[in-house]
Structures are given as structure tokens and as C-alpha cells.
Amino acid sequence: MSLDLTPEQKATGKANFEQAAGDLARDGKSKTMVTGGAPSDPKNPDRRDVLKAGLAAGAVVPVSAAVYFGYSSWKGNKAVKTALIGCGDEGGVLMGDHNPEYNEIVAVCDIRPTNMDRIFKGDTGPRKGLNKVYGEATAKKIERCTSLADLLDKKSKLGLEAVIIATPLNTHDPITKACMDAGLHVLCEKLMARDVTRCKGMIKHAKDTGTLLAVGHQRHYSTLYAQALEMLENNILGDIKHIRALWHRNNSWRYSPSAFDKSKYAEEYGVPYYVDSWWKEIPKADAAALSPEKLKELAFGNPELYGFKDVAELVRWRCFDKTGGGLMAELGSHQLDASSIVLGHVKPLAVSGVGGKFFYGPGRNDRESDDGVFVTFEFPGPKHPKAGKGGTDTNDVVVVTFTSFNSNEFEGYGEWIMGSHGTMFLEKEADVYLWREKDKSKKGDTGGRDTRITVTSAGGGKPAMESTSTWGGGGGSAPIGKAAGASGWDSAVRGYRTEMEHFAYCVRKWQEMKQKVSYEKKDGKLVHGEIIPRCHGEVAMADAIMALTANMAMAKRERIVFEDGWFDADKADVPETKHGPKKA
Ligand SMILES: NC(=O)c1ccc[n+]([C@@H]2O[C@H](COP(=O)([O-])OP(=O)(O)OC[C@H]3O[C@@H](n4cnc5c(N)ncnc54)[C@H](O)[C@@H]3O)[C@@H](O)[C@H]2O)c1
């Protein structure tokens with residue numbers, strides 16, 4: 001929910017976005033939508049042309065995610081035999097949304113017995129459970145592995161080709177590398193790694209082993225963000241000078257478990273004081289299976305970096321400096337990723353901010369990570385030298401703020417993109433709205449929250465929003481992949497399903513070519529970019545650099561200027577050397 005919009009204003013904003021998407025398509029300026037009509041190249045019609053042919057002239061429909069992201073030729077391929085490593089909250093979402101025609105789940109791996117159980121049974125919302133996705137009889141055949149070593153031992157028997165990793169942050173790099181050493185392709189959840197040195201290590205390992213490395217910043221595969229980006233590329237919003245990203249939640253309510261709940265949780269680790277998904281109860285079954293000694297054995301030979309001192313640190317990993325990266329890693333990284341996408345995949349210039357344990361405290365929720373953050377990023381605008389477009393204007397800066405607090409959720413989460421001609425609001429990865437600014441140079445012009453718009457480039461100019469008071473309905477279109485009027489969960493809009501489908505497609509393409517994956521570049525671009533996941537190692541590393549450097553800036557109350565070498569995977573330069581915590 002956004003701060004002060006009425007339902008009518010939201011409806012106007014939504015209709016405006018759909019109108020603008022349709023208008024751009026009719027103007028021949030869209031890759032996300034097609035209009036009815038003849039194929040662009042009658043001798044060589046593609047999938048978009050097949051769509052066109054079935055449409056009345058002037059009608060507009062979204063292309064599918066597979067067409068837009070370039071893997072619509074999948075049909076006829078055998079699903080990639082895939083294992084899920086880490087069956088917790090996110091593993092559950094991914095399993096609920098994966099497409100078995102692309103990724104056949106042949107094994108799951110987890111060290112917590114309760115989550116092994118949950119991945120099959122499912123729970124609320126998108127976590128449907130493998131029993132439901134495959135049917136109980138088939139799901140029974142999925143191998144259950146209780147450690148990575150167990151899974152890799154069974155690799156040949158299972159015919160395993162790829163893994164999806166959804167484990168705590170500090171374990172991403174050792175698990176990724178071990179899987180790559182076994183010849184497996186990897187889709188690892190975000191944040192990429194606990195520090196930038198480790199990100200660089202993962203990128204090098206993918207190159208050395210010739211395997212795919214995809215990282216789960218799902219907005220790269222969201223049809224909603226693709227369409228929003230297309231609108232920004234057409235300059236519909238004018239000059240963007242500010243993006244306001246926020247992710248506000250209220251985890252401040254007292255937790256009062258029933259006697260039944262209490263009977264399931266190991267009270268020696270404390271019963272949570274607040275209802276807070278980061279500081280959860282510790283199930284007795286997990287506590288019994290995972291003594292500190294057992295956890296040490298499972299720490300990939302380096303408990304200092306990759307281990308958990310006890311089961312509570314494993315379950316509440318987001319709250320500790322060794323195992324998690326706090327609000328910036330978990331929430332902010334997604335929204336900074338979105339900001340850098342909509343600003344044309346640029347890298348930030350500098351970051352400063354304030355963060356702290358402003359609300360929680362000892363005995364109640366004794367976390368190490370901040371419970372509130374307010375950070376300011378400076379990004380290059382299109383005329384800035386660092387935007388790479390030949391500009392020289394160092395004043396052309398876009399200010400991106402990110403705030404996240406745990407004690408008020410009135411505004412929820414989303415990204416507000418503020419341009420000189422209009423405002424776009426991407427709400428909860430599910431909906432998008434567009435409003436026009438009133439043009440003060442034109443007498444009687446209208447704009448703002450209640451004004452309907454059309455988009456036109458009549459007269460040969462660039463597409464621009466026009467206010468319309470005579471709009472009579474129709475002419476718009478649903479965002480691509482999304483049913484008209486739908487809100488809430490939508491697979492193509494969320495990006496998880498698409499990200500996994502494209503990952504599978506890339507795996508098969510490289511196998512067809514009988515070649516190890518090559519990350520070779522020419523003129524700064526990947527030679528085989530179409531069969532490398534969109535959020536590959538270098539892209540994901542940039543997100544990690546933003547999130548982790550913001551934490552360093554807040555810890556020291558400094559303004560940190562980003563250095564080019566940090567973003568270069570082949571250089572050893574990393575922000576933690578200069579700005580990280582000094583060892584005691
Ligand atoms: N893309 C997104 O929007 C999104 C959303 C939420 C979480 N995530 C990411 O997904 C990852 C997992 O988060 P989560 O919320 O599911 O955490 P979680 O704690 O709910 O689940 C993690 C699971 O990994 C298991 N695990 C830990 N070490 C293991 C090992 N060595 N071998 C096998 N399993 C092991 C744990 O037992 C647990 O079941 C994190 O990196 C997180 O940042 C991404």
C-alpha cells in the first residue's frame with residue numbers, strides 16, 4: 001500500500017500503465033507486446049509473428065515470458081535433472097513455482113529434518129510442496145539427502161545435471177564450488193556471497209569448471225520489470241532524478257505461543273519475544289539432530305566461515321554477521337538491483353547511510369544485524385561520465401534511497417521512480433502504476449493522481465504522455481504475462497519460474513553444443529550472452545557489492561565511493577579490504 005493513494009487513484013495509475021504499454025506497442029516501440037498485423041519478415045516469421053497473425057489489427061497482447069526472454073524453442077527438450085539444496089522458506093517458494101517440464105526435481109538436500117518434511121508437505125501460499133506439484137507417488141521417488149556429500153555421492157545414480165541452492169548466505173560459496181567441481185550447473189539464491197572476495201571466487205570457479213552460475217535476483221526475469229524498463233527506455237518519465245525504494249514491515253508484536261506450539265519448540269534456545277520471521281522458534285526435531293559437534297562436521301572444513309555454532313544460529317542465520325548480511329542483503333539488494341536495472345544497468349557512484357539496532361534489544365531479540373536502515377545511493381544519470389554514454393556532466397546524479405524498518409508496515413514495499421514527466425510505482429513485485437506530471441508551461445494542462453493518460457509520438461517526436469479527459473475505456477493492455485486485473489502472486493511477473501526455466505534452457509543449449517560454458521567477452525559483452533543466465537555472476541556481484549558496502553558505510557557512518565576495480569571479477573580489489581570491519 002502506498003502512503004496516500006486512494007483506491008481510485010491506484011486504479012487510474014494501473015490503467016495508465018496498461019494504456020501506455022498498449023500505446024507503445026501500437027507505435028512499434030515494444031518488445032514486450034505485439035499488435036495484430038502482418039509478420040515483420042514474411043519469409044522468416046518468428047513466434048511473435050505467429051501471435052500477430054492471430055490478432056485483429058490494432059489489438060495488443062503481451063508476448064509470453066519464454067518469447068521475451070528468448071527460450072520459446074524449449075519444446076521437445078527433456079527436463080534438466082535438478083536437485084534442490086536448502087529446503088527452507090525460499091526453497092519452498094522455488095519448488096512451488098518451478099516448472100517440471102524444465103527442471104525435474106530428482107533430489108532434495110537439507111540438514112534440518114523439519115524442512116525436509118516441509119518441502120514435500122508444503123505450507124501456506126506459494127509453498128505448495130512437492131507432493132502437490134508431482135503427486136505423492138512421484139514425489140516419493142525424489143531422493144532425500146541429509147548432506148551435500150550424500151547428494152554428490154549419488155550424483156551419477158541420479159543422473160544429476162544441475163542444482164538450485166537456497167541455503168544461508170555464508171554457505172553459498174562452498175556449496176556452489178563443490179557442485180561445480182562435480183560438473184553441475186548452479187542456480188544459487190541471492191545474496192551471492194557473504195563478501196565480495198567470495199563472489200569473485202565463485203565467478204572464477206564457474207569459468208574454471210566451465211559451468212553455469214546463475215544467481216536468484218528474480219527481478220531480472222520478471223515480465224513486469226521488463227515492461228517497466230521498456231517504458232523508461234522510451235523516456236516516458238523524462239529525467240529521473242530520484243528513486244525511493246522501501247521495504248517496511250512490522251515485526252514488533254509480542255509472540256504468545258499456544259501450549260501446543262511450545263511443546264514443539266526447544267525452549268533452551270529461548271522462545272521468541274516477537275512475531276518475527278528472522279528470529280524463529282527452534283523445532284525440537286532440528287535441535288535433536290544438529291548438535292554443535294554435528295554442525296561442525298557439516299561446515300565444509302571451515303567452521304569459522306561456513307559453520308553454525310548451534311542450531312539457533314542456523315535457524316536465525318539472517319541475524320548474525322558471520323552467517324547473514326541483514327536487511328541490506330535480504331531486502332535492499334533486490335531493490336537496488338531493480339534500481340540499477342531501471343537506470344540502464346549502471347553501477348552506483350557512492351553510498352552513505354544510518355542503520356542500527358534501534359528497536360530490538362538484549363533478551364528480546366538479541367540480533368547482531370541492524371533492525372532499521374536508511375541508505376542513500378548516488379547513481380550516474382545518463383549524461384554522467386560513469387553512465388558510459390559519452391556524457392561529461394558530473395552533476396547528472398540520481399539519488400536512490402532505501403529504507404527498511406521492523407516496526408511499521410504502513411507503506412509496505414515497492415519502488416517509486418520519480419521523473420520530470422511522470423512517476424512510476426512498482427508495488428510488491430506484483431503491480432505497477434503510472435501517473436503524469438502536470439505540464440506547467442501549458443495553460444489548463446492536467447496531471448497527477450487522478451488523470452488518465454495516453455502515450456503518443458505523433459509528429460515523429462519521442463513517445464510522451466498526454467493527459468486525456470475524454471478517455472472512454474479500452475485501448476490498454478495487461479502487463480506481459482499477467483492476466484488483466486490480476487494482482488498478488490503471478491509466476492511470470494514474480495520471475496522465479498522464468499528464472500528457473502531459462503536456467504534449464506541454458507543448460508541444454510550448452511550440452512547441445514557439446515561445449516563447456518564459456519564466459520568469453522568481446523567489446524565488453526558476453527559472446528554467448530543469450531545462453532548465459534541474465535543474472536550471472538558479475539551482475540549478481542554488483543548487487544552484493546551495493547548491499548555489503550552499504551552495511552560498511554552504516555557501520556562507520558561514512559560516505560563510501562565505489563571503485564571500478566570492485567566490479568571487475570578479474571581484479572582482487574574488494575570493498576572489505578578498505579572499509580570492512582577491522583579484525584580484533
Ligand atoms: N530471491 C528471493 O526473493 C529470496 C527470498 C527469500 C530468501 N532468499 C534467499 O534464499 C536463501 C535461503 O533463505 P531461506 O529463507 O529459505 O532460509 P531458511 O533458513 O528458511 O532455509 C535455509 C535451509 O538451508 C538449509 N541448510 C543450511 N546449511 C545447509 C547445508 N550445508 N546443506 C543443506 N542444507 C542446508 C537449512 O537447514 C534450511 O532448511 C538465502 O540465501 C536467502 O537470502 C531469496
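The values are calculated or read from the model by the stated rules, or taken from the named source; none is laboratory data. Bear in mind the structure is a predicted one, so any value in this text is a computation, not a measurement. All Cβ positions, even for glycine, are placed from backbone atoms using ideal geometry, and neighbour counts span all protein chains on display.
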| note | Flagged in the range 530-541 as within 24 Å of His172 (Cα to Cα) and either in contact (Cβ under 8 Å) with a residue 60 or more places away in the chain or out of contact with any helix residue (DSSP H, G or I) (no Cβ under 8 Å at 6 or more places or on another chain) (or both), in numbering order, are Ile532, Pro533, Arg534, Cys535, His536, Gly537, Glu538, Val539, Ala540, Met541
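Residue-wise test of (1) under 19 Å from Ile111 (Cβ atoms); (2) surrounded by fewer than 16 Cβ atoms within 10 Å (Cβ to Cβ); (3) not assigned by TED's automatic domain parsing to the domain that holds Asn115.
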| position | (1), (2), (3) |
| --- | --- |
| Pro257 | no, yes, yes |
| Lys264 | yes, yes, yes |
| Val275 | no, yes, yes |
| Asp286 | yes, no, yes |
| Gly301 | yes, yes, yes |
| Leu305 | yes, no, yes |
| Lys322 | yes, no, yes |
| His334 | no, no, yes |
| field | Search result, residues across the range 413-436 that are in a loop (DSSP other than H, G, I, E, B) and in contact (Cβ under 8 Å) with a residue 24 or more places away in the chain | value | Ser420, His421, Glu429, Ala430
| remark: Within the range 536-562, residues outside any helix (DSSP H, G or I) and in the same structural domain as Thr211 (by TED's automatic domain parsing) come out as His536
| task | Could you please find all residues in the range 70-92 being of a type outside the set (Ser, Thr, Tyr) and within 16 Å of the ligand (Cβ to nearest atom)? | result | Ala83, Leu84, Ile85, Gly86, Cys87, Gly88, Asp89, Glu90, Gly91, Gly92
| query | On the given criteria, is Thr446 modelled with pLDDT of 90 or more, under 22 Å from Glu18 (Cβ atoms) and part of a helix (DSSP H, G or I)? | reply | no
| Glu297 vs. criteria under 24 Å from Asp117 (Cα atoms), among the acidic types (Asp, Glu) and within 13 Å of the ligand (Cβ to nearest atom) | yes
| task | Filter the range 232-245 down to the residues that are buried (at least 21 other Cβ atoms within 10 Å of the Cβ) and touching a Ser or Thr at 6+ places or on another chain (Cβ under 9 Å), then identify the one that is farthest from Asn408 (Cα to Cα). | result | Leu237
| query | Of the residues Thr114, Thr124, which single one is within 11 Å of the ligand (Cβ to nearest atom), out of contact with any Gly (no Cβ under 7 Å at 6 or more places or on another chain) and either farther than 19 Å from Glu297 by Cβ or modelled with pLDDT under 95 (or both)? | reply | Thr114
| For the range 93-110, does any single residue satisfy the condition of being surrounded by fewer than 19 Cβ atoms within 10 Å (Cβ to Cβ), within 16 Å of the ligand (Cβ to nearest atom), in contact (Cβ under 8 Å) with a residue 12 or more places away in the chain and under 17 Å from Asp123 (Cα atoms)? | no
| Just a yes or no: is a residue in the range 496-506 at pLDDT below 85, on the phi < 0 side of the Ramachandran plot and not hydroxyl-bearing (Ser, Thr, Tyr)? | no
| Name the residues in the range 274-293 that are basic (Lys, Arg) and either over 19 Å from Cys87 (Cα atoms) or near the ligand (Cβ under 10 Å from one of its atoms) (or both), would you? | Lys280
| field | Residue among Tyr269, Tyr306, Tyr274 that is in contact with a Lys or Arg (Cβ under 7 Å, 6 or more places away or on another chain) and among the hydroxyl-bearing types (Ser, Thr, Tyr) | value | Tyr274
| said: Condition first: within 18 Å of Ile341 (Cβ to Cβ), of a type outside the set (D, E, K, R) and either buried (at least 22 other Cβ atoms within 10 Å of the Cβ) or within 22 Å of the chain's Cα centre (by Cα) (or both). Now tell me which residues in the range 404-421 satisfy that. | reply: Tyr413, Gly414, Trp416, Ile417, Met418
| Any hit, the range 360-374, residues being within 15 Å of the ligand (Cβ to nearest atom), touching a Gly at 6+ places or on another chain (Cβ under 9 Å) and closer than 19 Å to Asn406 by Cβ | yes
| message | Taking the criterion of being within 8 Å of the ligand (Cβ to nearest atom), at pLDDT 95 or above, touching a helix residue (DSSP H, G or I) at 6+ places or on another chain (Cβ under 7 Å) and in a loop (DSSP other than H, G, I, E, B), would at least one residue in the range 305-316 satisfy it? | response | yes
